[in-house]
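Colleague: Pasting a structure below so you can have a look.
Just so you know, all these numbers are worked out from the coordinates, no wet-lab data involved. As the structure is a prediction and not an experimental result, all values here were calculated from the model. Every residue, glycine among them, receives a Cβ derived from its backbone with ideal geometry; neighbour counts consider all protein chains shown.
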Amino acid sequence: MTRISVIVLLLFAVVFVQFEYDTRKPPAGFAPLVIFPVPVLRSADLGLDSGTASLIWLNAIQEIGTISGSYKGLVNDIKTINALDPKFAYPYAFAELVLPGLDPAKTADAIAIGQKGVENTSDWRVPFYLASTYLIHMDDRENALKYFYIAGHTPGIPSGLQGTALNFGTQKDKRTQTKAIWAGIYESTNDEILKGQAESNLIHIDILDTLDRGIAIYKQTKGIYPKEVQDLVSAHILKEIPQDPFGFVYTIDKDGKLGSHL
Amino acid sequence: MNSIFLQNVFTIAKNTFKETVRNKILYGILAFALVYMLFTLFLGSISLGEDLHVIRSLGLAGIYVFSVIITVFLGSSLLYREIERKTLYFVLSKPVSHAHLILGKFFGLLASVAVSMAGMAVIYLSLVAFEGGGFDSLALLSILYQLFEMALLIALTIFFSTFSMPLISTLYAVLVIYIGHSLDLLMNAVAKSGVFVQVLVKGIYYLLPNLAKFDIRNLVTYDTHIALSQVFFVIAYAVVYIVVLLSMAIFLFEQREL
């Protein structure tokens, strides 16, 4: 009995020491895993390339939001995954949309990863997201058209998105088209990061639409353009100034054209 | 091949099977494999919607790694234990030849490795079905390929254990497994080297067991079709290599002074 009591007491002591250790531990940053070059990994993983790629993928997605800086590690991880398991489609698609959002300087990397993905996989998301990146981050409608066409003809694309992809370039209003693309991404992904990005962009476009409509109503009722967004609230056209998810502050010029700055 | 030969091999195989499935190390490894397989469910859940891919790639990798561990650990001590316990003298005093013993040990261990792999395969298939991947029939082909690789490794460890201690046999086996999976890389690495190096590496490439051909896990993960002729040559390679290794093992075992 005494022996059992001592063991129980010692177990309590273990819990106590762990608790005290955790409360005193300084907040440490995420230490990214050292990823060896692909030939080294290939010769050491006993042919388990796909499994190794899955593990690096799990590591890569842990890095997002936990490291500050250039996201060099993330780009390297994704390139390693692509080399080890070229048919693993989602890392290509993920990199295309998420990298430019995290760091605009990584747009060229995202495009290069996406182009490789289109060559190696037959997943509709890869050309669709690549086209979206060309359109949203580079305003390159020619390449966007090319990859939307490929996505539209890739088996497995949901019918709603197939319409969006194949009709790209036929609508007058670019904002409607961009909104349809983000809505498609929002509905088709289970990825919380991508879903969050799509949701923010949809809210952003909705705010632009609301403000444009407000300016038009103001001009119709008062005969002049509002000087600032606050005027729309003062005129009871808007209840309040909408909160932009990216933190944009909106301005209105003398011709009633909506502008924004961070 | 007469009936006494088959009967002797079958009896030794049956006893080896019973002996290995009673081994506590085997259950330890299998328990760890079960925990690992269940853990892939968690890893899948944090993979941003790529659950099935992660479970399939890591699940098949797990079956392979745990099968290798079981094969090498049990295989390298199979003959040594008989010699150490002196049960070998008793067996060989009966009308049982060295060949009966080696073949019996081979088939007995192969049966227990196959049963262990079947258990892991059932867990894997259940997890894939649970995640909505349906019946992963291609994975069964991949596991069958792995079984042939394990058969080759069993023959290899038995061959090594005819002339070395268990620890040394284990080291040799692990070394050959690594080299066997890197032969294609080795060939590519010396593609621009001199003629002598190329001939030397080519010799190694053809003589050592080339294990990369047993790896179709990547193809299975993407439901890629596998040609029937390829299946035939992979099985033929394993069978021929196993016959060579077991013949050499029998020869060395006969020469050994017990």
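Colleague: Within chain B, which is the longest segment containing none of the trypsin sites (Lys or Arg not before Pro) that sit in a DSSP loop and have at most 12 other Cβ atoms within 10 Å? Write down the numbers at each step before the final one.
Modeller: Details: sites that count: B:Arg22, B:Arg85, B:Lys86, B:Lys192, B:Arg256.
Within chain B, the longest run free of exposed trypsin sites (Lys or Arg not before Pro) spans B:87-191.
Colleague: Scan chain A and report its longest stretch carrying no GluC sites (Glu not before Pro) that are both in a DSSP loop and have at most 16 other Cβ atoms within 10 Å. Can you show the working numbers first?
Modeller: Details: sites that count: A:Glu228, A:Glu240.
Longest site-free region, per DSSP loop and neighbour criteria: A:1-227.
Colleague: Charges only on Cβ, +1 for Lys and Arg, -1 for Asp and Glu: so what's the dipole of segment A:89-158 about the Cα centre, in debye to the nearest 20? Each step should come with its number before you reach the end.
Modeller: Values: 5 positive and 8 negative charges, 25 e Å.
That gives a dipole near 120 debye.
Colleague: How high is the relative contact order of chain B, in percent, counting Cα pairs under 8 Å that sit 6 or more residues apart? Could you put the intermediate results ahead of the total?
Modeller: On the way: 263 pairs, mean separation 65.5, N = 258.
Once normalised by length, the contact order is 25 percent.
Colleague: How long are the semi-axes of the equivalent ellipsoid of segment A:205-261, taking √(5λ) for every eigenvalue λ of the Cα gyration tensor, in whole Å from largest down?
Modeller: Working: eigenvalues 62, 29, 17 Å².
Value: 18, 12, 9 Å, ordered largest first.
Colleague: Rounded to the nearest 0.05, what FRET efficiency is calculated for A:Asn167 and B:Val122 with R0 set to 51 Å and r the Cβ-Cβ distance? It would help to have the intermediate numbers written out before the result.
Modeller: Working: r = 48 Å, r/R0 = 0.95.
So the FRET efficiency works out to roughly 0.60.
Colleague: Could I ask something else about it? Between B:Tyr89 and B:Leu252, what is the label-to-label distance in nm when each label sits 7 Å out along the Cα-to-Cβ direction?
Modeller: 2.4 nm
Colleague: I'd like to know which of B:Thr224, B:Leu246, B:Ala139 lies farthest towards the positive end of the charge dipole of segment B:106-258, counting +1 on Cβ of Lys and Arg and -1 on Cβ of Asp and Glu.
Modeller: Highest projection toward the positive end goes to B:Leu246.
Colleague: Could you work out how far apart the two model spin labels at A:Asp22 and B:Asn188 are, taking each label as a point 7 Å from the Cα in the direction of the beta carbon, and quote it in nm?
Modeller: Taking the simple label geometry, A:Asp22 and B:Asn188 are separated by 4.5 nm.
Colleague: Where nothing but the Cβ of Lys and Arg (+1) and of Asp and Glu (-1) is charged, how large is the charge dipole of chain B around its Cα centre, in debye to the nearest 20? The partial results should precede the final answer.
Modeller: Details: 15 positive and 13 negative charges, 153 e Å.
Computed about the Cα centre, the dipole is about 740 debye.
Colleague: Within the set of other residues whose C-beta is less than 13 Å from the C-beta of A:Pro100, count the net charge using Lys and Arg as +1 and Asp and Glu as -1.
Modeller: Around A:Pro100, the charge tally is -4.
Colleague: Okay, next question. What are the lysines whose alpha-carbon lies under 27 Å from the alpha-carbon of B:Lys202, with same-chain residues fewer than 8 places away excluded?
Modeller: The reachable lysines, counting only those whose Cα sits under 27 Å from B:Lys202, are B:Lys192, B:Lys213.
Colleague: Using Cα-Cα distances under 8 Å and only pairs 6 or more residues apart, what relative contact order does chain A have, in percent?
Modeller: Working: 278 pairs, mean separation 23.2, N = 262.
In percent, rounded to a whole number, it is 9.
Colleague: For segment A:205-261, give the magnitude of the charge dipole about the Cα centre (Cβ charges: +1 Lys/Arg, -1 Asp/Glu; no others), in debye to the nearest 20. Working shown, then result.
Modeller: Working: 7 positive and 9 negative charges, 53 e Å.
Here the size comes out at about 260 debye.
Colleague: Let's test the formula: R0 of 45 Å, r as the Cβ-Cβ distance of A:Arg175 and A:Asn120. What FRET efficiency results, to the nearest 0.05?
Modeller: On the way: r = 33 Å, r/R0 = 0.74.
Once rounded, the FRET efficiency stands at 0.85.
Colleague: Next question. Under a point spin-label approximation (7 Å from Cα along Cα-to-Cβ), what is the B:Tyr178-A:Phe246 distance to one decimal in nm?
Modeller: Result for the modelled spin labels: 5.1 nm.
Colleague: A further question on this structure: All other residues with a Cβ under 10 Å from the Cβ of A:Ala110 taken together, and with Lys, Arg as +1 and Asp, Glu as -1, what is their net charge? Can you show the working numbers first?
Modeller: Working: positive: A:Lys106; negative: A:Glu96, A:Asp103, A:Asp109.
Computed value for this residue: -2.
Colleague: Right, next: Across the residues of B:32-41, average count of Cβ atoms on other protein chains within 10 Å?
Modeller: Values: counts 0, 0, 0, 0, 0, 0, 0, 0, 2, 0.
That works out to 0 on average.
Colleague: For segment B:183-252 and segment B:109-134, what is the separation of their Cα centres, given in Å?
Modeller: 26 Å
Colleague: As an exercise, use a Förster radius of 30 Å and the Cβ-Cβ distance of A:His236 and A:Lys257 to find the FRET efficiency, rounded to the nearest 0.05. List each step's numbers first, then the result.
Modeller: Working: r = 23 Å, r/R0 = 0.75.
E(calc), rounded to 0.05, equals 0.85.
Colleague: Which one of A:Pro158, B:His53, A:Gly214 is farthest out on the positive end of the charge dipole of the protein assembly as shown, using unit charges on Cβ (Lys, Arg +1; Asp, Glu -1) and the Cα centre as origin?
Modeller: B:His53
Colleague: Now, a different point. With Cβ to Cβ distances under 13 Å as the rule, what net charge do the other residues near A:Ile205 carry (K, R +1; D, E -1)?
Modeller: Details: positive: A:Lys174, A:Arg175, A:Lys179, A:Arg213; negative: A:Asp173, A:Glu199, A:Asp206, A:Asp209, A:Asp212, A:Asp244.
For residues surrounding A:Ile205, the net value is -2.
Colleague: Please give the Cα centre distance for segment B:7-61 versus segment A:126-152, rounded to the nearest Å.
Modeller: 44 Å
Colleague: What's the longest bit of chain A with no exposed chymotrypsin sites (Phe, Trp or Tyr not before Pro), using DSSP loop states and at most 16 other Cβ atoms within 10 Å as the test? List each step's numbers first, then the result.
Modeller: Values: sites that count: A:Phe30, A:Phe246, A:Phe248.
Free of exposed loop sites, the longest segment is A:31-245.
Colleague: Using Cα pairs under 8 angstrom and six or more residues apart, how large is the relative contact order of segment B:136-258, in percent? Provide the component values of the computation, followed by the final result.
Modeller: Numbers: 88 pairs, mean separation 55.5, N = 123.
Value for segment B:136-258: 45 percent.
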